[in-house]
Amino acid sequence: MICPHAAHIRKVNPRDDGTDTGGTNDTLARRILRRGIPYGVPLSDTATEADDPLKGNRGLLFISYQTSISDQFEFLVNRWTNQKNVPKNGGHDPVIGQNGKLGDNRSRQFEIALNDSPSETFSITREWVIPTGGGYFFAPSISALKNVLA
């Protein structure tokens, strides 16, 4: 009731819930350490795209650390945020989820439970996060730096 299953934080970090991958231990293996650093001047709440002097040149520089890119970051993005029914039923991740369709029909749906009434489905068409680049980088562990590279 408090945090919808489609909420970004619940989609990418279901904590100690069992999911489509199995029990609690399987879910915990998907965790990543993540940080975001904003850049650019924020656009005011009342501004329109025509009022934007930076033409959208603002955003969030995102970085994540994990032991396996494919089993953690790519798994979260490709399997959980972009699917309606995993890790739990509830819809696409409204923040970073994409429905897989190219072109104009980028609509994503998610459900929110409203008190004692049945859940209501919402649909959003604008993307909040538009990836513009990226890279994978190796960061050796402290023990590797001390024992192997020293």
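The values are calculated or read from the model by the stated rules, or taken from the named source; none is laboratory data. From a predicted model like this one, the values you see are computed outputs, not experimental measurements. Reconstructed Cβ throughout: ideal geometry from the backbone, glycine too, with neighbour counts over all protein chains shown.
Taken over region 1-51, the criterion of being of a type in the set (Asp, Glu) and modelled with pLDDT of 75 or more is satisfied by Asp20, Asp26. Within region 27-45, the only residue that satisfies the criterion of being in a helix (DSSP H, G or I) and farther than 19 Å from Asn82 by Cα is Leu28.
Scan region 11-26 for residues that are closer than 18 Å to Asn82 by Cα and touching a residue at least 24 places away in the same chain (Cβ under 8 Å) and the total you get is 6.
Checked against (1) assigned to a loop (DSSP other than H, G, I, E, B); (2) under 17 Å from His8 (Cβ atoms); (3) not small (Gly, Ala, Ser), Glu111 meets all criteria but (1). The residues listed here are Arg58, Arg10; of these, the one that is basic (Lys, Arg) and under 15 Å from the mean Cα position of the chain (by Cα) is Arg10. Residues in region 52-94 that are farther than 25 Å from Ser107 by Cα and not in a loop (DSSP other than H, G, I, E, B): 3 in all. Is it the case that some residue within region 94-103 is surrounded by 12 or more Cβ atoms within 10 Å (Cβ to Cβ), out of contact with any strand residue (DSSP E or B) (no Cβ under 8 Å at 6 or more places or on another chain) and at pLDDT 80 or above? Yes; the residues of region 94-103 include at least one that is surrounded by 12 or more Cβ atoms within 10 Å (Cβ to Cβ), out of contact with any strand residue (DSSP E or B) (no Cβ under 8 Å at 6 or more places or on another chain) and at pLDDT 80 or above.
Conditions (1) farther than 17 Å from Ile112 by Cα; (2) surrounded by 11 or more Cβ atoms within 10 Å (Cβ to Cβ); (3) in contact with a strand residue (DSSP E or B) (Cβ under 7 Å, 6 or more places away or on another chain), marked per residue:
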position	(1), (2), (3)
His5	no, yes, no
Arg35	yes, no, yes
Gly56	yes, yes, no
Asp71	yes, yes, no
Leu76	yes, yes, no
Trp80	yes, yes, no
Gly91	no, yes, yes
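So is Leu149 at pLDDT below 85, more than 14 Å from the chain's Cα centre (by Cα) and either among the hydrophobic types (A, V, I, L, M, F, W, C) or not in a loop (DSSP other than H, G, I, E, B) (or both) or not? In short, yes. Put simply, of Phe75, Phe137, Phe122 the only residue that is free of Cβ contacts under 8 Å to residues at least 40 places away in the same chain, over 17 Å from Cys3 (Cβ atoms) and not small (Gly, Ala, Ser) is Phe137. Which one of Ile112, Ile142 is in contact (Cβ under 8 Å) with a residue 12 or more places away in the chain, over 30 Å from Asn57 (Cα atoms) and hydrophobic (A, V, I, L, M, F, W, C)? Being in contact (Cβ under 8 Å) with a residue 12 or more places away in the chain, over 30 Å from Asn57 (Cα atoms) and hydrophobic (A, V, I, L, M, F, W, C) holds for just one of Ile112, Ile142, which is Ile112.
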